[in-house]
Amino acid sequence: MRRVAALFCALLCLASCSPAPKKHSSTLFAMDTVMELQVYGDESVLASSAELIKELESELSATDEHSAVYAFNHRSAGLSGPALDVLSRAMDISRLTGGALDVTVYPLVLAWGFTTGQYRVPDKTEIAGLLEKVGYEKLTGLTLPEGAMIDLGAVAKGYASDKVVELWREKGVTSGLMSLGGNVYALGVKPGGDKWTVGVRDPFSDGLLGSVEVENAAVVTSGGYERYFEENGVTYHHIIDPKTGYPANSGLASVTIVGPDGTLCDGLSTAFFVMGLDAAAETWKSYGPGFEAIFVTDDREIYITEGLESSFSVMGSYDKSDVRVIRRGQN
Ligand code: FAD
Ligand code: MG
């Protein structure tokens with residue numbers, strides 16, 4: 001009996017006395033944004049993650065003349081590998097969101113100067129002309145119609161986060177956190193067993209509006225405050241409504257999507273920002289489990305889907321009473 005007790009004590013000590021895995025972190029600049037990676041355990045996985053992200057960037061960038069997407073847009077090659085994979089995921093999200101996400105919006109993104117930094121407001125005739133080249137449903141059999149071009153920027157960082165998580169899992173990492181620009185992914189839980197707390201940016205200030213507790217989930221935000229310019233007192237941001245050709249103006253200031261599929265979360269954060277609260281809430285209701293959402297309206301109201309009720313908390317200038325819950329059973 002005493003021997004059993006001693007063995008039990010030894011096992012207990014092994015479990016509680018083994019040193020906590022060491023935290024390793026790194027920062028890199030890729031996909032035109034700062035990326036932060038943090039893992040517990042195997043440090044070497046950081047370098048291979050950075051390599052993987054750089055490889056994906058060189059395939060998926062619309063502006064890099066050596067990328068697969070650039071070659072496809074300039075009709076010098078068909079699409080294969082990760083670029084094809086991302087395109088097919090994006091097409092699914094386009095269908096799910098009635099074309100609010102549309103990778104063929106690129107001629108408009110270019111005209112507004114969002115990838116070049118040479119910002120301008122195109123006139124109505126130019127926008128009407130460019131809209132004729134837009135339409136994901138025209139992209140059949142993987143050939144681009146005359147004048148059409150694609151941009152995977154609305155889903156590429158989410159896809160990159162999924163691929164990095166895959167690599168971490170393969171290498172035996174069970175706990176880690178990454179932030180690829182606005183795209184966060186939390187693998188597992190923190191070494192102590194607590195869930196990860198991820199801040200949600202306040203679209204009206206540099207601070208946070210709240211936080212969400214997650215485990216094995218992406219937390220992705222799209223907002224009009226990320227990339228924009230002002231002309232004659234009007235602000236124009238980078239998320240384009242593929243139906244109008246103008247920056248989306250749906251009454252939302254930001255959309256955050258939480259779920260295990262980073263690519264889906266990234267695509268939906270952009271699409272829901274275009275669709276507006278009502279249409280986005282309907283899409284969430286009909287999709288079923290798989291992701292949750294946080295919407296912030298231009299009037300500073302916060303709406304969360306019911307799956308986040310116990311994991312989301314507000315902070316800063318916001319109060320619990322600013323938060324409304326969207327439920328599946330409700331109209
Ligand atoms: P998201 O909401 O996820 O995506 C918005 C972006 O998607 C827009 O910037 C636009 O490019 C595109 N978009 C707009 N409306 C729609 C729509 N309705 N449907 C689909 N797509 C839409 N930026 C540079 O300035 N120079 C670069 O060289 C450059 N290289 C990049 C390379 C890669 C591989 C990636 C992923 C991004 C790169 N970027 C570059 C940044 C890119 O242009 C976008 O600004 C960025 O991807 C936006 O991400 P987000 O999370 O802020 O917004
Ligand atoms: Mg996105």
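The values are calculated or read from the model by the stated rules, or taken from the named source; none is laboratory data. All of these numbers come straight from a predicted model, not from anything done at the bench. Cβ: placed from backbone, ideal geometry, glycine included. Neighbour counts: every protein chain shown. Side chains are part of the model used for accessible areas, which takes the heavy atoms of the whole protein and leaves out ligands, DNA and RNA. Shrake-Rupley method; radii C 1.70, N 1.55, O 1.52, S 1.80 Å.
Name the most mobile residue of 244, 283, 115, meaning the one with the largest mean-square fluctuation, in a Gaussian network model of the chain with Cα contacts below 10 Å.
Highest fluctuation of the listed residues: 244.
Report, to the nearest 10°, how far helix 81-96 tilts away from the longest principal axis of the Cα atoms in the chain, using its own Cα long axis and a range of 0 to 90°.
80
What ³J(HN,Hα) values, in whole Hz, does the Karplus curve 6.51 cos²θ - 1.76 cosθ + 1.60 give for segment 211-218 when θ = phi - 60°, with x put for Gly and Pro?
8, 10, 9, 9, 8, 6, 8, 8
I need the shape label for segment 23-326. Rule: rounded when a/c is under 1.5, else prolate if a/b > b/c, else oblate, with a, b, c from the alpha carbon gyration tensor. Present the calculation step by step, with values, prior to reporting the outcome.
On the way: a/c = 1.73, a/b = 1.18, b/c = 1.47.
Oblate, since a/c reaches 1.5 and b/c is not below a/b.
Loop only per DSSP, at most 15 neighbouring Cβ atoms within 10 Å: give me the trypsin sites (Lys or Arg not before Pro) in segment 32-121, ordered by residue number.
Numbers: sites: 54, 75, 89, 95, 120; in loops: 75, 120.
Hits after loop and neighbour filter: 75, 120.
Report the residue, chosen from 57, 36, 126, that carries the largest GNM mean-square fluctuation when the chain is represented by alpha-carbon nodes joined by springs under 10 Å.
126
What are the ³J(HN,Hα) values, in whole Hz, obtained from phi via the Karplus relation 6.51 cos²θ - 1.76 cosθ + 1.60 with θ = phi - 60°, for each residue of segment 36-42 in sequence order, with x given for Gly and Pro?
Here the 3J(HN,Hα) series is 10, 10, 9, 10, 10, x, 6 Hz.
Using each residue's phi in segment 298-315, evaluate 6.51 cos²θ - 1.76 cosθ + 1.60 at θ = phi - 60° and report the 3J(HN,Hα) Karplus result to the nearest Hz, with x for Gly and Pro.
Result, ordered by residue: 4, 8, 6, 8, 10, 10, 10, 7, 4, x, 9, 3, 8, 10, 9, 10, 8, 8 Hz.
Mind listing the long-range amide H neighbours of residue 218? Cut-off is under 5 Å, sequence gap 5 or more, other chains count too, H placed in the peptide plane at 1.01 Å from N.
Answer set, sorted by chain and number: 186, 259, 261.
Kindly express, to the nearest 10 degrees and within the range 0 to 90, the angle between helix 277-287's C-alpha long axis and the longest C-alpha principal axis of the chain.
Approximately 60 degrees, to the nearest ten.
Scan around residue 252 for amide H atoms under 5 Å from its own, H built in the peptide plane at 1.01 Å from N, and keep only partners 5 or more places away or cross-chain.
Long-range HN contacts for residue 252: 298.
How far, in degrees from 0 to 90, does helix 262-275 lean away from the longest principal axis of the Cα atoms of the chain, to the nearest 10?
Once rounded, one gets 40 degrees.
Considering only protein heavy atoms and a 1.4 Å probe, what is the carbon-and-sulfur percentage of the accessible area of the chain? Can you show the working numbers first?
Numbers: 8080 of 15770 Å².
Ligands and nucleic acids excluded, carbon and sulfur reach 51 percent.
Rounded to the nearest whole Å², what accessible area per residue is found for the chain with the 1.4 Å probe?
On the way: 15770 Å² over 331 residues.
On a per-residue basis, the chain sits at 48 Å².
In a GNM of the chain with a 10 Å cut-off on Cα contacts, which of 58, 321, 49 has the highest mean-square fluctuation?
The residue that fluctuates most here is 321.
Given the pairs 22/190; 22/171; 133/243; 138/285; 23/171; 54/157, which are separated by over 18 angstrom at their Cα positions? Mind showing how you got there, number by number?
Working: 22/190 12 Å; 22/171 15 Å; 133/243 12 Å; 138/285 28 Å; 23/171 15 Å; 54/157 11 Å.
138/285, as the Cα separations exceed 18 Å there.
Mind listing the long-range amide H neighbours of residue 200? Cut-off is under 5 Å, sequence gap 5 or more, other chains count too, H placed in the peptide plane at 1.01 Å from N.
209, 210, 211, 212
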